[in-house]
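J.: Got a structure here, written out as structure tokens. Questions coming.
The values are calculated or read from the model by the stated rules, or taken from the named source; none is laboratory data. Treat the numbers as computed from the prediction; the structure is a model and nothing was measured. Ideal geometry is used to build each Cβ from the backbone, glycine not excepted, and the neighbour counts take in all protein chains shown. The accessibility values were calculated without ligands, DNA or RNA, using every heavy atom of the protein model including side chains. Shrake-Rupley method; radii C 1.70, N 1.55, O 1.52, S 1.80 Å.
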Amino acid sequence: MRRVSNDAGALAEAFYARTDRHPVGVWAAPGRVNLIGEHTDYNDGYVMPFALAQRVLVAAAPRDDGTWSVTSLNNDSTESFRASDLQPGMTGWQAYVAGVVWALQEAGYPVAGADLVLTSDVPEGAGLSSSAALECSVLTALADLNDLDIAGLERAKLARRAENVFVGAPTGLMDQAASTLCTTGHALFFDCRTDDAEQVRLDTASAGVEILVLDTRTPHALVDSEYAARRASCEGAARILGVAALRDITDLDSALERLSDPVIRRRVRHVVSENARVLQAVDVLRTGRIAALAPLLDASHASMRDDFEITVPQVDLAVEVARASGALGARMTGGGFGGCIIALVPVGDVERVGGEIVRNFADAGYRLPAHFAAFPSAGAQRLQ
Ligand code: GLA
């Protein structure tokens with residue numbers, strides 16, 4: 001994948017160079033990390049992501065010939081489709097764009113053809129929601145181009161429908177909600193049953209900490225089948241327990257007594273305990289005690305490793321080394337089976353802790369990871 005600038009002016013120029021006209025505007029939507037609350041969204045539970053500064057940018061202008069022509073500067077490729085091509089199951093990166101047009105039309109929103117030129121600095125396949133960023137950026141652009149008045153939450157749900165039904169990935173709502181609803185300086189406390197959203201202040205600087213994101217760059221080979229399997233286990237457990245979703249379990253011990261399969265018991269214990277950790281984390285942030293997140297991050301990681309069994313050796317090593325190098329707490333973030341960890345580190349320690357992990361990966365013969373400091377950033381918006 002080519003690295004290209006994520007500057008709105010440069011993208012508008014690239015649009016002009018390719019289409020011989022100026023874009024009507026430039027829109028953006030970010031990737032995310034999840035602070036805590038993993039595999040809880042499709043269990044009607046709680047999540048707490050924040051938006052990254054890394055984002056997908058879209059320059060766009062309408063066309064009157066019923067065609068959508070989409071250029072990805074990262075892939076250096078252009079794809080076109082018309083309304084008659086909008087069939088769920090389409091593959092390739094353009095499916096995320098076509099899926100958004102399809103979801104809007106299915107919901108009764110008229111969407112005219114358009115030229116779209118995209119660029120992204122959200123790492124792909126790293127569990128940072130590059131696909132949600134793509135969907136939400138295109139949705140924001142098309143909503144404006146077509147004068148569609150769609151509230152933020154509905155936008156997130158339309159983008160998720162593109163992902164679930166058109167692309168065919170059975171995800172929850174977290175990633176699209178984060179990309180659409182997050183605001184600068186905040187994490188988003190989101191209740192996936194009631195859709196209640198609260199912006200919770202995440203002022204790391206004043207707490208003397210930073211958030212290190214480290215991409216372990218491990219292959220995501222199992223992610224689709226294992227994600228679907230975890231989801232099926234949770235839904236099966238809810239049926240056995242006679243509840244609508246695992247969110248409804250209030251007495252974990254008695255629920256565990258009623259489950260005979262030890263694997264299912266572990267899955268349930270993760271989801272129920274993770275929901276409780278999100279609620280504790282919200283309390284911690286509401287009172288500005290960011291450092292007190294650390295034990296919750298550690299416990300979340302142990303639960304994902306031992307009960308939900310979605311970590312891999314590289315991810316576990318990264319978390320261990322982060323802690324041994326002075327991180328206050330650390331956990332894998334995202335769907336699992338590779339991807340990124342986050343670590344809460346004293347301010348100024350991102351490079352040192354990241355460097356220790358790189359050294360340990362080199363010693364273990366693993367592919368070298370990439371890391372950066374994350375800042376809670378803005379959700380989807382028009383830039384110009
Ligand atoms: C992926 C999915 C989300 C969520 C997380 C796990 O990112 O897209 O909906 O389920 O995994 O928390």
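J.: Please give the Cα centre distance for the stretch 110-169 versus the stretch 9-53, rounded to the nearest Å.
T.: 8
J.: Set Lys and Arg Cβ to +1 and Asp and Glu Cβ to -1, take the dipole of the chain about its Cα centre, and tell me which of His270, Gln381, Ala103 lies farthest positive.
T.: His270
J.: Turning to a different aspect of this structure: Among Arg155, Arg55, Arg258, which one shows the highest mean-square fluctuation when the chain is modelled as a Gaussian network with alpha-carbon springs under 10 Å?
T.: Arg258
J.: Using only the alpha-carbon atoms, what does the chain span along each of its principal axes? Please give whole angstrom values in decreasing order.
T.: Result, largest extent first: 61, 49, 41 Å.
J.: Compute the relative contact order of the chain as a whole-number percentage, counting only Cα pairs closer than 8 Å that sit 6 or more residues apart in sequence.
T.: 24
J.: Mind grabbing the accessible area of Met174 for me, 1.4 Å probe, Å², rounded to tens?
T.: My reading of the accessible area for Met174 is about 10 Å².
J.: Which shape class, rounded, prolate or oblate, goes with the stretch 254-384 when its Cα gyration tensor gives a ≥ b ≥ c as root eigenvalues, a/c under 1.5 marks rounded, and past that a/b bigger than b/c marks prolate?
T.: Cα axes put the stretch 254-384 in the oblate bin.
J.: Quick check for me: using +1 on Lys/Arg Cβ and -1 on Asp/Glu Cβ, what's the dipole size of the stretch 184-254 about its Cα centre, in debye to the nearest 20? Present the calculation step by step, with values, prior to reporting the outcome.
T.: Numbers: 7 positive and 13 negative charges, 45 e Å.
Dipole magnitude for the stretch 184-254 comes out near 220 debye.
J.: Under a 10 Å cutoff between Cα atoms, tell me which one of Val272, Val122, Val56 has the largest fluctuation in the Gaussian network model of the chain.
T.: Ranking Val272, Val122, Val56 by mean-square fluctuation puts Val272 first.
J.: Per residue, how much accessible area does the chain have with a 1.4 Å probe, in Å²? Provide the component values of the computation, followed by the final result.
T.: On the way: 14680 Å² over 384 residues.
Each residue of the chain exposes 38 Å² on average to a 1.4 Å probe.
J.: Within 11 Å, Cβ to Cβ, of Gly45, how many net charges do the neighbouring residues add up to if Lys/Arg are +1 and Asp/Glu are -1?
T.: Around Gly45, the charge tally is -3.
J.: Could you tell me what percent of the accessible area of the stretch 259-384 is made up of carbon and sulfur, with a 1.4 Å probe and every protein chain present?
T.: That fraction is 54 percent.
J.: With the cut-off at 1.5 for a/c, could you classify the stretch 190-276 from its C-alpha gyration tensor as rounded, prolate or oblate?
T.: Oblate is the answer for the stretch 190-276, as a/c is 1.5 or above yet b/c matches or exceeds a/b.
J.: Taking θ = phi - 60°, what integer Hz values does the Karplus form 6.51 cos²θ - 1.76 cosθ + 1.60 yield along the stretch 205-214, in sequence order, with x for Gly and Pro?
T.: Listing the rounded values in order: 4, 6, 8, x, 10, 9, 10, 8, 10, 10 Hz.
J.: With the Cα gyration tensor of the stretch 281-331 giving a ≥ b ≥ c as the square roots of its eigenvalues, does the rule (a/c under 1.5 for rounded; else a/b larger than b/c for prolate; else oblate) give rounded, prolate or oblate?
T.: Judged from the Cα gyration tensor, the stretch 281-331 comes out oblate (a/c at least 1.5, b/c at or above a/b).
J.: Continuing with this model, one more query. How large, in percent, is the carbon and sulfur part of the accessible surface of the stretch 1-122 at a probe radius of 1.4 Å? Before the final figure, lay out each step's value.
T.: Details: 1950 of 4370 Å².
Roughly 45 percent, rounded to a whole number.
J.: Same structure again: Quick one: ranking Ser260, Ser130 by accessible area, 1.4 Å probe, largest first, what do you get?
T.: Heavy-atom accessible area, descending, gives Ser260, Ser130.
J.: Same structure, new question: Given the options Asp41, Asp363, Asp203, which has the most mean-square fluctuation in a GNM of the chain, springs set between C-alpha atoms less than 10 angstrom apart?
T.: Ranking Asp41, Asp363, Asp203 by mean-square fluctuation puts Asp363 first.
J.: Using amide H atoms built 1.01 Å from N in the peptide plane, name the residues 5+ places from Val209, or on other chains, whose amide H lies under 5 Å from its own.
T.: Val347
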